[in-house]
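Presented below is the structure to which this report refers.
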Amino acid sequence: MMTHTAYVLASYGIATITVCALVLWVWTDGRARRRELRALESAGIRRRSAQAGDVP
Amino acid sequence: MSENSLAIRKFSDLANPTRFLALAARVLPWFAGLTVLLFAVGLYLSFTTEGDYQQGETVRIMYVHVPAAWLSMMCYSVMALSALGTLVWRHPLADVAARAAAPIGASFTFLALVTGSLWGKPMWGTWWVWDARLTSVFVLFLMYLGLMALNRAMDEPGKAAKVSAVLILVGFVNIPIIKFSVEWWNTLHQPASVLRLGGSAIDPEFLRPLLVMAVAFTMLFFTLHIAAMRNEIWRRRVTSMRRQAARSAGREA
């Protein structure tokens, strides 16, 4: 039989893990996409709108 | 220029993904800072206010459970608005918004289900019952997972956008069912005690941490949503640039 405090700690623990996982996923996803964009740009590939001299 | 047309121009300016990226870069640090600050205050209040005379310490689970449950529904409502944006106004960022929101909504729904279960065991004596509220929230969780799977399964982004927009709008029928399930049916889950006719039925001692945590969770949602939308725009740019590179390589060969 768990004590009430254990249920509270389990709730906050799972909430912390879920929120941290979500933040980490969004952050690493953003870093990976930025890296890919940089790699493509350094290979000389530009978006059509950027080639036309439109907003970068 | 009239105020109305200025407002329309501002809105259509946002439709430009490049302008959205610039705006996201400006607001994200502020949003993230405010989220951390609100969580610091919210968590402090959550653990320093008194326990309930009946629920004891477990009332503290409510400070996570209730905001997560609110957010699970708000996130779906944001997706439904985005779906309208895709189908009616063909707003270029609408599909990006819907797609970026699904995993965040699924996480909040998961949190609402798990923390609800952890409160239910000591208070109701059971982890789970198939009453109308719990079942309809579980269906919402499955819908989020289904929409995420659908988005991943379809290669053509334009087609995926239309199909998932229709599905999101059909699934929106579940939101009022979740909200009013506790009034329409006899559920083990209690009826609304904060947003209800006649005002909140909660003591200010519990209402303060609850509201601060609710605002903190809402800010967390907007911060993550804007960041995830930015990631989705970048992902689409990478795909189109790779396609363009492949096309020009094909011409040269």
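Since every read-out is calculated from the coordinates, none of them should be taken as a lab result. These figures come from a predicted structure and were not determined experimentally. No Cβ is skipped: glycine too gets one built from the backbone with ideal geometry, and neighbour counts run over all protein chains shown.
Quick notes on this one:
- Bridging of B:K159 to aspartates and glutamates at a Cα separation below 15 Å is possible for B:D95, once same-chain residues fewer than 8 apart are set aside.
- The separation of region B:94-108 from region B:202-246, counted between C-alpha centres, amounts to 8 Å.
- Gyration tensor (alpha-carbon) shape descriptor, the protein assembly as shown, a/c threshold 1.5: prolate
- Computed over chain B: relative contact order in percent, which uses C-alpha pairs under 8 Å that are six or more apart: 31 percent
- Nearby aspartates and glutamates by direct alpha-carbon distance to B:K121 (threshold 14 angstrom, same-chain neighbours under 8 apart not counted): B:E57
- Unit charges on C-beta of K, R, D, E only; dipole of chain B, Debye: 1320 debye
- Across chain B, the longest run free of exposed loop sites, meaning chymotrypsin sites (Phe, Trp or Tyr not before Pro) lying outside DSSP classes H, G, I, E and B with no more than 15 other Cβ atoms within 10 Å, spans B:54-126.
- B:T48-B:R90 pseudo-label distance in nm [points 7 Å out on the Cα-to-Cβ vector]: 5.5 nm
- Only Lys, Arg, Asp and Glu carry charge here, each on its Cβ (+1 for the first two, -1 for the last two); on that basis region B:132-240 has a dipole of about 400 debye about its Cα centre.
- For the protein assembly as shown, the residue among B:Y76, B:I104, B:P92 whose Cα projects farthest onto the positive side of the dipole built from Cβ charges is B:P92.
- The residues packed around B:L145, meaning those with a beta-carbon under 15 Å from its beta-carbon, carry a net charge of +2 if Lys and Arg are +1 and Asp and Glu are -1.
- Look at where the Cα atoms of region B:16-30 and of region B:111-140 average out, and the two centres are 38 Å apart.
- Normalising by residue count, chain B has a Cα convex hull of 175 Å³ per residue.
- In a reduced charge model with +1 at each Lys and Arg Cβ and -1 at each Asp and Glu Cβ, the protein assembly as shown shows a dipole moment near 1700 debye about its Cα centre.
- Cα shape, region B:34-133, gyration tensor, a/c 1.5 rule: oblate
- Here's the picture: charge each Lys and Arg Cβ at +1 and each Asp and Glu Cβ at -1 in region A:1-41, and of A:S11, A:L24, A:L37 the one pushed furthest to the positive end of that dipole is A:L37.
- Square roots of five times the Cα gyration tensor eigenvalues for region B:116-253, Å: 43, 19, 14
- Taking every residue in B:93-106 and counting other chain Cβ atoms within 10 Å of its Cβ, the average works out to 1.
- Segment A:A21-A:R34, length gained on full extension (0.36 nm per residue, minus Cα span): 2.7 nm
- Given 15 as the ceiling on other Cβ atoms within 10 Å, longest exposed-site-free region of chain B for trypsin sites (Lys or Arg not before Pro) in DSSP loops: B:91-195
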